[in-house]
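*Asks:* Below is one structure. I have some questions about it.
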Amino acid sequence: MKKEWLFPHACQKIGMVLSVLFGLGCLLWLFWWSDTLECWQGWDELFVIGLLVGLLLAAFSRERDEDEYMTRLRYESLVWAVLADSLFVVIATLTVYGPDYVYVLLVQLFLLLILYIVRFRIVLRRVRKEGGCEK
């Protein structure tokens, strides 16, 4: 019995929009709003959860022409993203100290999904440009 773990294709655009909006919200919160918006202290949690949901929807939504080759591209992109993210964590652990390391870990939480999305989209565009899913 084959289980399909991907979201419907319609969730892809929703995820991209949520990722951009909540990503901008995270950046604005981090650099400008953190000291000014004191009426409700849950803004940072809202932005982080929204960004995470958006990235998950964008990363794991089905393509219109989903097949075994897409599965292979997803697998290769995910492995590449995990390796690149691990290298980032190792380098950051060796170079960043003190309270700033918490920001590194926060970035690392989203970096894995961002690297996966970017790598998968680049490879997919290259494959479609070359004329299909045949190698």
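The values are calculated or read from the model by the stated rules, or taken from the named source; none is laboratory data. Computed from a predicted structure; not experimentally measured. Positions of Cβ are backbone-derived with ideal geometry, glycine not excepted, and every protein chain shown enters the neighbour counts. Accessible surface areas use protein heavy atoms only, side chains included; no ligands, DNA or RNA. Shrake-Rupley method; radii C 1.70, N 1.55, O 1.52, S 1.80 Å.
*Asks:* Those residues that are of a type in the set (D, E, K, R) and within 22 Å of A58 (Cα to Cα), I need them from the stretch 75-102; list them, please. Walk me through how you get there before you give the answer.
*Replies:* So the first thing to find is which residues in the stretch 75-102 are of a type in the set (D, E, K, R), and the list is 76, 85, 100.
Result: E76, D85.
*Asks:* Considering every residue within the stretch 100-108, establish whether at least one is of a type outside the set (D, E, K, R), farther than 21 Å from C11 by Cβ, open to solvent by 90 Å² or more (accessible area, probe 1.4 Å) and assigned to a helix (DSSP H, G or I).
*Replies:* Yes, there is a match, as at least one residue in the stretch 100-108 is of a type outside the set (D, E, K, R), farther than 21 Å from C11 by Cβ, open to solvent by 90 Å² or more (accessible area, probe 1.4 Å) and assigned to a helix (DSSP H, G or I).
*Asks:* Looking at V90, V96, which is the one that is free of Cβ contacts under 8 Å to residues at least 12 places away in the same chain and exposed (fewer than 14 other Cβ atoms within 10 Å of the Cβ)?
*Replies:* The conditions single out V90.
*Asks:* Hey, among the residues in the stretch 49-71 that are within 26 Å of W29 (Cβ to Cβ) and open to solvent by 60 Å² or more (accessible area, probe 1.4 Å), which one's farthest from the chain's Cα centre (by Cα)?
*Replies:* If we take residues in the stretch 49-71 being within 26 Å of W29 (Cβ to Cβ) and open to solvent by 60 Å² or more (accessible area, probe 1.4 Å), then I49 is farthest from the chain's Cα centre (by Cα).
*Asks:* Just to be sure I understand, how many residues within the stretch 108-128 are of a type in the set (A, V, I, L, M) and under 11 Å from the mean Cα position of the chain (by Cα)?
*Replies:* Residues flagged as of a type in the set (A, V, I, L, M) and under 11 Å from the mean Cα position of the chain (by Cα) within the stretch 108-128 amount to 8.
*Asks:* Oh, and also: Being open to solvent by 80 Å² or more (accessible area, probe 1.4 Å) and either of a type in the set (S, T, N, Q) or over 14 Å from F110 (Cα atoms) (or both) is the filter here, so list the residues in the stretch 3-29 that pass it. If you could, list the steps in order and put the result at the bottom.
*Replies:* Restricting attention to the stretch 3-29, the residues satisfying the condition of being open to solvent by 80 Å² or more (accessible area, probe 1.4 Å) are 3-5, 7, 13-14, 17, 20-21, 24, 27.
Those that are open to solvent by 80 Å² or more (accessible area, probe 1.4 Å) and either of a type in the set (S, T, N, Q) or over 14 Å from F110 (Cα atoms) (or both): K3, E4, W5, F7, K13, I14, V17, L21.
*Asks:* While we're here: Would you point out the residue of the stretch 72-87, among those that are open to solvent by 20 Å² or more (accessible area, probe 1.4 Å) and of a type in the set (S, T, Y), that is farthest from I122 (Cα to Cα)?
*Replies:* Once the filter is applied, the top-ranked residue is S86.
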